[in-house]
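In what follows, a structure is listed as structure tokens, so that the remarks can point back to it.
The values are calculated or read from the model by the stated rules, or taken from the named source; none is laboratory data. In this text the structure is predicted, and so the values were computed from the model without any measurement. A quick note on method: Cβ atoms are made from the backbone with ideal geometry, for glycine too, and the neighbour counts reach across all protein chains shown.
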Amino acid sequence: MTTYRLYRNIEKSIIDFLVEELTDDGWDGFRVEKSFSRAHEGTLPAICVNVEEPDIKRIEIGSNLYEELITVSIRLFCVDDGQRLDLASWLLGKLMPGIYYNEYEITSGVVSKTTKTGMISTQKIIASRKELKNTESVDKVDKFRHLFQYTVKVT
């Protein structure tokens, strides 16, 4: 038995949250992936979740206490511009209040236990925009791609 560390727990918590909320809100047929390449391999629409980078700062001079803000990127791969805009707005409304932070235990490569241990709190929205501007000659999977990027803190 092993456990995921902070960054993988954040990604998995967000993925699990999005899968549940998409289903509850009637967004049928969406795939939620961890890897950019997997979003490209399947059918549209798809969502890709990635922890990008931490911003670690000492809380005060001389202290061994640190604050860690983590940048998360969520890419929406949509079938048209309307779906892209609707999903981006929906996503913002779901993530702004914060979501549960789960810790995952893994047995034989499969999640065997999930424990809610805190919250993933939204600190700052960095981007919510169409990712590619000139989409005339790009693949259909990238034509209506949206980048949602924000920083979070686990509390």
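Could you please let me know if residue 70 is under 22 Å from residue 20 (Cβ atoms), touching a Pro at 6+ places or on another chain (Cβ under 6 Å) and modelled with pLDDT of 95 or more?
Details: under 22 Å from residue 20 (Cβ atoms): yes; touching a Pro at 6+ places or on another chain (Cβ under 6 Å): yes; modelled with pLDDT of 95 or more: yes.
Here the answer is yes, as residue 70 does meet what is asked.
Is at least one residue of segment 61-70 assigned to a strand (DSSP E or B) and among the acidic types (Asp, Glu)?
Filtering segment 61-70 down to residues assigned to a strand (DSSP E or B) leaves 66-70.
Then drop every residue that is not among the acidic types (Asp, Glu), which leaves 67-68.
Within segment 61-70, one or more residues are assigned to a strand (DSSP E or B) and among the acidic types (Asp, Glu).
Sort out which residues of segment 66-109 are under 15 Å from residue 10 (Cβ atoms), buried (at least 18 other Cβ atoms within 10 Å of the Cβ) and aliphatic (A, V, I, L, M), and write them in order of number.
Correct list: 70, 72, 74, 95, 99.
Run down 94, 133, 143, 153 and say which single residue is farther than 21 Å from residue 50 by Cβ, out of contact with any Lys or Arg (no Cβ under 8 Å at 6 or more places or on another chain) and among the charged types (D, E, K, R).
133
Return yes or no: is residue 112 surrounded by fewer than 18 Cβ atoms within 10 Å (Cβ to Cβ) and either within 30 Å of residue 1 (Cα to Cα) or of a type in the set (Lys, Arg) (or both)?
yes
Among the residues of segment 25-37, are any under 18 Å from residue 127 (Cα atoms) and either charged (D, E, K, R) or part of a loop (DSSP other than H, G, I, E, B) (or both)?
No, there is no match, as no residue in segment 25-37 is under 18 Å from residue 127 (Cα atoms) and either charged (D, E, K, R) or part of a loop (DSSP other than H, G, I, E, B) (or both).
Which of the residues belonging to segment 11-57 are surrounded by fewer than 17 Cβ atoms within 10 Å (Cβ to Cβ), among the aliphatic types (A, V, I, L, M) and over 17 Å from residue 151 (Cα atoms)?
The answer is 19, and nothing else.
Could you grab the pairs with beta carbons closer than 6 Å, sequence gap of 6+ or different chains, first residue in segment 97-110 and closer than 26 Å to residue 122 by Cβ and of a type in the set (A, V, I, L, M), second one surrounded by 14 or more Cβ atoms within 10 Å (Cβ to Cβ) and modelled with pLDDT of 95 or more?
Once the first residue is closer than 26 Å to residue 122 by Cβ and of a type in the set (A, V, I, L, M) and sits in segment 97-110, its partners that are surrounded by 14 or more Cβ atoms within 10 Å (Cβ to Cβ) and modelled with pLDDT of 95 or more give 99/17; 99/120.
Checking residue 53 against (1) in a loop (DSSP other than H, G, I, E, B); (2) modelled with pLDDT under 90; (3) out of contact with any Phe, Trp or Tyr (no Cβ under 8 Å at 6 or more places or on another chain), which single condition isn't satisfied?
(1)
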